[in-house]
Amino acid sequence: MIADLKGSEHPEEMVVVSGHLDSWDLGTGAIDDGAGVVIAMETAELMQRLKLRPKRTLRVIAWMDEENGGGGSQAYTKDHTNEFPRHVAAIESDAGAAHPLGFDVRMSAKAVEILRPVVGVLSDVGATILQPSSFPPGADIAAMSEAGVPALGVMEDGRTYFHYHHTAADTLDKVVPLELRENAAAMAVMAYALTNMKEPLPR
């Protein structure tokens, strides 16, 4: 599923926010990764509710088949590779639904420094970490990352994640509404900054 909130000034440039729809065969996929899809959808919802019109297009993607080969991201890459130079950044939430700590990032050091004031805005939520990674911070945005698109993965408190991950216990009652809202706030703040900064992040 792809849905665009068109940019007011640079609609051809876009920021991707995303999660994946499929789950492991034993579970219902609430934390892996229904929560990530909700967080991405809520990012667009928050912008609309607050009447924040992004200058660049915000693209919400609910990926399919992440657990079984990545068919959704492969199809997106096939259809949109020529647009990757105009993808300003890609964010994926695929680490559960617990309290957000910040973002794993794969981008230039200069781009990381540009984003430090953004995570400062999230100090009340506690999502202030920008942790550089040598690997794409999300399976579904890996192709974009490899093509040079600045990539971010929501970093969450993972202490209980593997109690439920890929098990029949991955059910909706494990999602804490307050923490889900914190995650949506973190992604929304970052996405809004990326869609409205004067110049795209340096690659």
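The values are calculated or read from the model by the stated rules, or taken from the named source; none is laboratory data. Computed from a predicted structure; not experimentally measured. All Cβ positions, glycine included, derive from the backbone under ideal geometry; neighbour counts span all protein chains shown. With ligands, DNA and RNA removed, areas are computed over all heavy atoms of the protein, side chains included. Shrake-Rupley method; radii C 1.70, N 1.55, O 1.52, S 1.80 Å.
Take segment 182-203 and flag every residue that is among the basic types (Lys, Arg) and touching a residue at least 60 places away in the same chain (Cβ under 8 Å). Show your work before the answer.
Pass one, segment 182-203, residues among the basic types (Lys, Arg): 198, 203.
Scanning segment 182-203 gives a single hit, ARG203.
Taking the condition under 18 Å from TYR76 (Cα atoms) and either without any contact (Cβ under 8 Å) to a residue 24 or more places away in the chain or in a helix (DSSP H, G or I) (or both), does ALA35 pass? Lay out the reasoning, then the answer.
Numbers: under 18 Å from TYR76 (Cα atoms): no; either without any contact (Cβ under 8 Å) to a residue 24 or more places away in the chain or in a helix (DSSP H, G or I) (or both): yes.
Criteria not met by ALA35.
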_I'm trying to understand the selection: among the residues of segment 13-28, which are part of a strand (DSSP E or B) and farther than 18 Å from PHE84 by Cα?_
GLY19, HIS20
*Tell me, yes or no, whether segment 124-136 has at least one residue that is under 25 Å from HIS166 (Cβ atoms) and not in a loop (DSSP other than H, G, I, E, B).*
yes
*Go through (1) outside any helix (DSSP H, G or I); (2) open to solvent by 40 Å² or more (accessible area, probe 1.4 Å) and name the single condition ASP173 misses.*
(1)
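Looking at segment 5-41 only, could you name the residues that are of a type in the set (Asp, Glu), open to solvent by 60 Å² or more (accessible area, probe 1.4 Å) and more than 18 Å from ASP65 (Cα to Cα)? Explain how you work it out, then say what you get.
Here is the first cut: in segment 5-41, the ones of a type in the set (Asp, Glu) are 9, 12-13, 22, 25, 32-33.
Now narrow it down to the ones that are open to solvent by 60 Å² or more (accessible area, probe 1.4 Å): 9, 12, 25.
Answer for segment 5-41, where residues must be of a type in the set (Asp, Glu), open to solvent by 60 Å² or more (accessible area, probe 1.4 Å) and more than 18 Å from ASP65 (Cα to Cα): GLU9, GLU12.
If we scan segment 71-91, do we find a residue that is farther than 20 Å from GLY153 by Cα, of a type in the set (Val, Ile, Thr) and assigned to a helix (DSSP H, G or I)? Break it down into steps so the answer makes sense when it comes.
Of the residues in segment 71-91, the ones farther than 20 Å from GLY153 by Cα are 75, 78-83.
Narrowing the set further to residues that are of a type in the set (Val, Ile, Thr) leaves 81.
Still in the running and assigned to a helix (DSSP H, G or I): 81.
Scanning segment 71-91, I find at least one residue that is farther than 20 Å from GLY153 by Cα, of a type in the set (Val, Ile, Thr) and assigned to a helix (DSSP H, G or I), so the answer is yes.
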*Just to be sure, is ALA185 open to solvent by less than 10 Å² (accessible area, probe 1.4 Å) and of a type in the set (A, V, I, L, M, F, W, C)?*
no
*Look through segment 47-75, keep the residues that are among the polar types (S, T, N, Q) and within 17 Å of the chain's Cα centre (by Cα), and return whichever of them is most open to solvent (accessible area, probe 1.4 Å).*
SER73
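Of the residues that sit in segment 77-96 and are of a type in the set (Gly, Ala, Ser) and open to solvent by less than 10 Å² (accessible area, probe 1.4 Å), which one is nearest to MET187 (Cα to Cα)? Can you show your working first?
Initial filter on segment 77-96 (of a type in the set (Gly, Ala, Ser)): 89-90, 93, 95-96.
Next cut, open to solvent by less than 10 Å² (accessible area, probe 1.4 Å) only: 89-90, 93, 96.
Details: ALA89: 12, ALA90: 11, SER93: 9, GLY96: 14 Å.
Here the residue is SER93.
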*State whether one or more residues within segment 100-121 are in a loop (DSSP other than H, G, I, E, B), at pLDDT 95 or above, more than 27 Å from TYR164 (Cα to Cα) and open to solvent by less than 10 Å² (accessible area, probe 1.4 Å).*
no
